[in-house]
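Worksheet: one structure, shown below.
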Amino acid sequence: MGNKNIIEKIVIVIFTILAIIVSYQIIRAIAGGTWATENIIIAGVGMILAGLFVIVGFLINQSKCIGVLEERTKNIGNSLVKLGSDFKEHTERHKSK
């Protein structure tokens, strides 16, 4: 398990704990007696920011994977073009004989 996976797991755990705490405080607000409204809003914004960090990390990873895939596809395309030209040259040589 690399450092990247460990960091992702830690961020997900922190995000989950924060979500549980905020959910608990919202339930207490509905029942009465809780944090001040500003604290709940600040905690909610913190949850959104933590979620954004997780999503951005995922998107960066996906873009790297897609970039590798595009590069491989481009290389295969170039190889097929070269193969086609070689075949065309080969058939032209044998037609003229």
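The values are calculated or read from the model by the stated rules, or taken from the named source; none is laboratory data. In this text, all values refer to a predicted model and were calculated from it rather than measured experimentally. As a convention, Cβ positions derive from the backbone with ideal geometry for all residues, glycine included, and neighbour counts pool all protein chains shown.
Inside the stretch 27-63, residues that are touching a helix residue (DSSP H, G or I) at 6+ places or on another chain (Cβ under 7 Å) and hydrophobic (A, V, I, L, M, F, W, C) make up a count of 8.
A single entry from Ile26, Ile40, Ile21 fulfils the requirement of being β-branched (Val, Ile, Thr) and modelled with pLDDT under 75: Ile40.
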